[in-house]
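Notes for the one structure printed next.
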Amino acid sequence: MVPADEGGGLMRLDLLTEPVEGLDEALAAVDAFDQVLVGGLLRPQPAQAEGLARLADAVAGSPLAARAAEAAEKAAAGAASEDHFLSLAAARTALLGSVHDALAARADEATGRPREETPAEAAAGQQAPNLLAAARSWLGDLARAGWQGIDHDVVAGSAQVVSALLPDPELRRLATLLDGFAAELAASCPGASLERIPVRRWADLWARGMLLTLSGAAAPATGTVTGRLLPLGVDLQEHATAAQAQVHAVLEPADGGPPRLVRASVSAPKPDTVLGAGVWQLLRPHMALLAALGEGRSMDLTDMPVTAEGDLIWSDEHARPGGSADPFATARVALPTATTPPTAPLDRHPVRLAHPVFLEGYTAEQDADDETVTFTLTGHRLAVDTDRVPVAGPLTPKAVAASTACIGLLRWDAGRFTVQPLAVETTVRRKTVAVHAGAWAGGTTDKAGAKLEKAATDAVAVLRERAGRLLRK
């Protein structure tokens with residue numbers, strides 16, 4: 001990542017281009033099962049029985065072998081129960097988990113950073129069994145209907161379940177997933193008329209929902225941390241009705257322990273009229289860290305709740321602004337020695353891989369036709385995922401293509417490793433300038449950002465005024 005004489009270690013890009021043994025076979029078994037869900041399991045066909053058998057065979061050497069084999073046999077005969085569907089979801093999740101672990105191990109080897117040991121599982125709490133069973137029943141109905149067989153009646157079956165789950169904080173994660181999943185399915189009804197089906201995505205949501213119906217499945221082990229938080233960058237994710245900012249950072253514990261990678265997230269509902277930099281107005285009031293990020297400052301944490309997976313359960317009461325902190329200095333000095341937290345069992349999925357990395361000394365190239373960017377370092381090429389760069393900041397693909405150093409997230413998509421830029425260093429008028437995707441998180445005096453903020457302020461003001469009228473009526 002940085003020269004060894006500066007205290008860092010060289011990143012092995014060659015390891016990111018070598019094939020991972022067994023990966024293609026595991027993904028092929030997952031794809032075969034996902035095709036089973038397209039047609040549904042009410043009246044299974046021979047091709048679906050073959051897909052079920054491939055999934056069971058793929059986990060034959062695991063503790064899930066007997067349950068997966070029984071579930072595949074029952075499902076192929078059209079006699080599967082919700083428990084059998086749960087076993088199939090577990091087998092599929094385990095396969096993708098093995099893919100995640102192999103890719104994460106390759107990323108650890110490439111960066112040379114140590115990974116923390118997986119902690120003991122937290123004791124499962126007793127949750128509402130009837131509500132969980134109702135959720136599992138609806139997901140079972142989806143599996144029987146298949147994506148081609150969904151209609152508004154099938155999808156509407158989730159409404160009462162979601163309404164009953166939402167009041168319980170421990171069940172809200174499942175409720176939110178089911179609510180969003182049902183909304184996607186409803187917008188696609190009837191399934192028989194769909195020209196294109198998001199096969200992998202819907203299977204992911206179905207399997208995750210199934211496993212979340214197990215009591216205590218979503219209960220994370222938590223503790224507290226005290227120390228200095230040094231932000232690296234922010235990953236902004238937007239949906240038509242919601243937005244989330246996830247800050248990646250290095251924590252220097254006050255007790256002198258080794259630095260560790262942590263994340264802090266904040267989410268908020270979003271009207272579809274709030275676009276671009278206006279999203280920060282929705283997120284900013286809920287997390288003081290965003291203001292510190294925009295100002296280039298650290299945060300001093302005291303007894304901040306944190307999960308074993310390195311996710312800070314953010315509370316402004318446990319944080320106060322610290323001194324100035326340059327993310328690129330953090331990336332050069334602290335990042336190479338920071339330990340990587342383990343991954344929660346349900347989060348072991350290739351799409352969840354987001355490994356903070358620092359690159360410099362590369363050659364950036366931008367394709368003249370499709371404007372894709374590629375970094376070349378020590379003779380090896382790494383694709384740059386500029387599509388993930390948010391429009392709510394000054395970082396652009398053009399700035400990435402002109403950069404000489406980059407803080408990013410190593411991801412895996414479409415069969416290859418890519419890097420998502422969070423910030424880059426580039427040269428402007430013979431001076432090195434840092435450009436951050438989250439530069440406008442705490443507010444901005446930048447002309448373009450200020451203009452977008454004002455437009456969003458006006459839109460939010462109109463929405464609040466209209467909401468006030470409705471409430472008064």
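Brief remarks on what is shown
- Inside segment 197-240, residues that are within 17 Å of the chain's Cα centre (by Cα) and of a type in the set (S, T, N, Q) make up a count of 1.
- Taking first residues from segment 187-198 that are closer than 17 Å to His152 by Cβ and partners that are surrounded by fewer than 13 Cβ atoms within 10 Å (Cβ to Cβ) and of a type outside the set (Asp, Glu), the Cβ contacts under 6 Å between residues at least 6 apart in sequence or on separate chains come to Cys189/His152.
- Scanning segment 293-304 for residues that are aliphatic (A, V, I, L, M) and within 7 Å of Gly442 (Cβ to Cβ) returns a single hit, Leu293.
- When Pro285, Pro269, Pro258, Pro253 are checked against the criterion of being out of contact with any Pro (no Cβ under 7 Å at 6 or more places or on another chain), under 20 Å from Arg173 (Cβ atoms) and surrounded by fewer than 16 Cβ atoms within 10 Å (Cβ to Cβ), a single residue qualifies: Pro269.
- Neighbours by Cβ (under 8 Å, 6+ apart or cross-chain): first from segment 146-166, in contact (Cβ under 8 Å) with a residue 40 or more places away in the chain and at positive phi; second surrounded by 15 or more Cβ atoms within 10 Å (Cβ to Cβ) and not in a helix (DSSP H, G or I): Gly146/Gly40; Gly146/Leu41
- Of the helices (runs of 4 or more DSSP H) lying entirely inside segment 33-152, the ones with 1 or more residues being surrounded by 15 or more Cβ atoms within 10 Å (Cβ to Cβ) and of a type in the set (Phe, Trp, Tyr) are found at 82-111, 129-145.
- Selection status of Gln45, assigned by TED's automatic domain parsing to the domain that holds Ala133, within 27 Å of Ala134 (Cα to Cα) and among the polar types (S, T, N, Q): no
The values are calculated or read from the model by the stated rules, or taken from the named source; none is laboratory data. These figures come from a predicted structure and were not determined experimentally. In this analysis, Cβ positions are derived from the backbone assuming ideal geometry, glycine residues included, and neighbour counts consider all displayed protein chains.
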